[in-house]
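The structure under discussion appears below in the form of structure tokens.
Just so it is clear, none of the values below were taken in a lab; they were calculated from the coordinates. On a predicted model such as this, the values are computed, not experimentally measured, just so you know. With ideal geometry, Cβ positions are generated from the backbone for all residues, glycine too; neighbour counts draw on all protein chains shown.
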């Protein structure tokens, strides 16, 4: 008789999906608190950038803010998802050539109060 094992959801119990976590007390807690403050600060700066300059890609926003794109890109995902849901995909794409290859990037926009 063949029994099929159910594959566990690898991401169901990710402990730090919405915040920086820690495993021990002391410096680990302090580092997690600083990381959470930094993340919130970057998200606020992203929102201000979109409000001032209008729709843009995450990489364009990073360039305007003087931050690394790998710091800014995750903030767009956080701002798009519940419970925040403050930005959305505009439907527009910008094609940018990098190292001879063309990549398509989402242009993000602030959501209106009625959305």
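Annotations for the structure displayed:
- Extending 7 Å from the Cα toward the beta-carbon at both residue 65 and residue 77 defines two label points whose distance is 1.5 nm.
- Taking N as its residue count, the alpha carbon Rg of region 27-110 over 2.2 N^0.38 Å: 1.18
- Sorting 94-104, 52-62, 74-84 by average packing, meaning the other beta carbons within 10 Å per residue, from highest down gives 52-62, 74-84, 94-104.
- With contacts taken as Cα pairs under 8 Å and at least 6 residues apart, region 27-110 reaches a relative contact order of 28 percent.
- Taking each residue as 0.36 nm, the span from residue 101 to residue 88 lengthens on full extension beyond its C-alpha to C-alpha distance by 2.1 nm.
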